[in-house]
Amino acid sequence: TRTIAYGSLEHERVWSAFVRRAEPHEARVGKVTAELMRRQKRSVLARLNNQRGHSTRDVAEIADDPFDMPKWVKQARTTIRPVLTEIVRDAGGSALTDLGLEIAFDVNDPNVTQFLIQRSQRFAVEVNATTYTNLQDSLKAGIEAGESIDELAARVETVMGDRIRSSATTIARTETIGASNGGTLMSWEQAEVVSGKEWIAALDDRTRETHAGAHGQQRAMNENFDVGDGSGPHPGAMGDPAEDINCFPGDAIVYAEDIQVGM
């Protein structure tokens, strides 16, 4: 099947259309994630400040266990679920419109529900795990250096400040890319008129080499793309953090190929 040439006008059209649709969702993901982390920061600082006058051992316990992981995983999961649902709904509906089909995308389809459950849980666990580890490492270093509560609190501010800033870039784009591509793919499955898909790399000079190298790779709907050391059904679901996490601008989308309208 014909592929879209990298850097062509058609490539620019497809990628630009995706960016226009994704930008509002990226902004919302970044906003809700940043607010979640601000609440988390206040919680950790309050706990740390309550240790004033206590023993070094009591403070060290916070370094070992900076926050209640199950509690914050649940909060993150319930916070991001409605946001991801809206991304999937928008992507699914847009994909069907692009195919010229006058049918509605079913966001309550069991496959969509399962996708949202898994995506929300993965987000909640991975985001909190990174924050937890970063706080542990920084606070333990501060305790070993004999720092005061105020100095340890400054470390919390630094770690959480970095995490909050990343929510507007790395986290937001990673989640938007993954949810949007998932919604697109599931809409094609519901329509039952698309039998093939194509990997379209971001049109950006900072796109990672593995994603640019995969541009034009075509697969049947039920087959996985092979990109770098990862393999998965769509960009953002490759099973390898090196391919899924947007460490710098540049990612990829799926594009419908081998459309069989009326079959």
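When ILE103, ILE117, ILE62 are checked against the criterion of being modelled with pLDDT under 95 and open to solvent by 40 Å² or more (accessible area, probe 1.4 Å), a single residue qualifies: ILE103.
One residue alone among ARG13, ARG39, ARG57, ARG20 is modelled with pLDDT of 95 or more and assigned to a helix (DSSP H, G or I), and that residue is ARG39. Restricting attention to region 133-160 and to residues that are under 23 Å from the mean Cα position of the chain (by Cα) and touching a residue at least 40 places away in the same chain (Cβ under 8 Å), the residue that is surrounded by the most Cβ atoms within 10 Å (Cβ to Cβ) turns out to be LEU135. Tell me, please, whether a residue that is closer than 18 Å to ARG38 by Cα, among the aliphatic types (A, V, I, L, M) and touching a Leu at 6+ places or on another chain (Cβ under 9 Å) can be found in region 104-124. No, there is no match, as no residue in region 104-124 is closer than 18 Å to ARG38 by Cα, among the aliphatic types (A, V, I, L, M) and touching a Leu at 6+ places or on another chain (Cβ under 9 Å). Among the residues making up region 1-35, those that are under 21 Å from VAL88 (Cβ atoms) and open to solvent by 70 Å² or more (accessible area, probe 1.4 Å) are ARG20, ARG21, GLU23, PRO24, ARG28, LYS31. Within region 84-100, the set of residues being crowded, with 16+ Cβ neighbours inside 10 Å and among the small types (Gly, Ala, Ser) comprises ALA91, GLY92, GLY93, SER94, ALA95.
Screening VAL73 against (1) touching a Gly at 6+ places or on another chain (Cβ under 8 Å); (2) of a type outside the set (S, T, N, Q); (3) surrounded by 14 or more Cβ atoms within 10 Å (Cβ to Cβ); (4) farther than 19 Å from ASN181 by Cβ leaves a single unmet condition, (1).
Looking at ALA104, is it part of a loop (DSSP other than H, G, I, E, B) and either closer than 22 Å to LEU48 by Cα or not charged (D, E, K, R) (or both)? Can you show your working first?
Working: part of a loop (DSSP other than H, G, I, E, B): yes; either closer than 22 Å to LEU48 by Cα or not charged (D, E, K, R) (or both): yes.
Yes, satisfied.
The values are calculated or read from the model by the stated rules, or taken from the named source; none is laboratory data. Everything numeric in this text was worked out from a predicted model, so none of it was measured. Here the Cβ is made from the backbone with ideal geometry for all residues, glycine too, and neighbour counts use every protein chain on show. To get the accessible areas, we keep the full protein, side chains included, count just its heavy atoms, and leave off ligands, DNA and RNA. Shrake-Rupley method; radii C 1.70, N 1.55, O 1.52, S 1.80 Å.
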